[in-house]
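Reading through the structure tokens given below for one structure.
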Amino acid sequence: MSCIISRALSRSKKALSTALLVSLIVNEGGRMTFSKSKQSNYALKVLVGKKLVMKETKYDSASFSKFSQLLCLNLHALVNDAKLRKERVVTITKSMLKNEIYDESYLPYDRFPSKSSQINECRNREASFSNALAWILLSKGYSLQLGINALKESLKVIHFYVWDSAITPNGRKIVIKEEEFFLKQLINHVQKKQGSTNYSSVSIDKLEVCAFSTRSSYCVFTPVEKSKFSVSYPFNCYSHPFVC
């Protein structure tokens, strides 16, 4: 029983981390498309995107795999260095990353060429997608914070980096624990869309994510003049309309 609970908690942490990255990417103008998949019954669903379009640039599974490898190669060294310094949390920024790294000897999918099980293939897709979103956000000036106290890199699958928080380019910190309710709402929204259509995939855009992402997105008013406000979005959130 404890093993099942532990696995469910681990899955839920991955789901919330990915949901945060999804919301930030879509709020940056990205349009995310998800393939229909089996619903999770014991833990939060880890969202796995099929493709992403940002300012006419298209990303697919091959792009996700490439960006994920770059992230893993960078973080492998950065996390090890941070552990040697006895750090518990490491903040990753764009300036710390290298776009070309030639030492790929440690990558699990290079070291274990044998055919993967279906479960491992699913885990690799989840990790590649989430890691790729993290790489894209970092390249856009976001900072991502990672708890490394108990972090152990996966040996047989692509490592799934689970983030604790994100810092936007303008300096606002978004902590997953504080946004858990809204991130769950976003996950449920995608699952509901998947269950209500006969199409093989569904997409979400910025207007939809506005209702589920970070707290400042819940304000339904934007200033027109100092004393006047206009309604930005239909108000369908749980928070108070005058609280930003």
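What follows draws every value from the coordinates through simple rules; no lab data is involved. Keep in mind the model is a prediction, meaning the values are calculated, not measured. With ideal geometry, Cβ positions are generated from the backbone for all residues, glycine too; neighbour counts draw on all protein chains shown.
Need pairs with beta-carbon distance below 6 Å; first residue in contact (Cβ under 8 Å) with a residue 60 or more places away in the chain and within region 156-169, second among the β-branched types (Val, Ile, Thr) and buried (at least 18 other Cβ atoms within 10 Å of the Cβ); sequence gap 6+ or separate chains.
Here the result reads Ala166/Ile174, each pair linking region 156-169 to a residue that is among the β-branched types (Val, Ile, Thr) and buried (at least 18 other Cβ atoms within 10 Å of the Cβ).
Filtering region 40-68 down to residues that are of a type in the set (D, E, K, R) and in contact with a strand residue (DSSP E or B) (Cβ under 9 Å, 6 or more places away or on another chain), which residue is surrounded by the fewest Cβ atoms within 10 Å (Cβ to Cβ)?
Taking region 40-68 and keeping what is of a type in the set (D, E, K, R), we get 45, 50-51, 55-56, 58, 60, 66.
Restricting the remaining residues to those that are in contact with a strand residue (DSSP E or B) (Cβ under 9 Å, 6 or more places away or on another chain) gives 50-51, 58, 60.
Working: Lys50: 19, Lys51: 17, Lys58: 10, Asp60: 12.
The residue in question is Lys58.
Restricting to region 150-174, what's the tally of residues that are part of a loop (DSSP other than H, G, I, E, B) and out of contact with any helix residue (DSSP H, G or I) (no Cβ under 9 Å at 6 or more places or on another chain)?
The total comes to 5.
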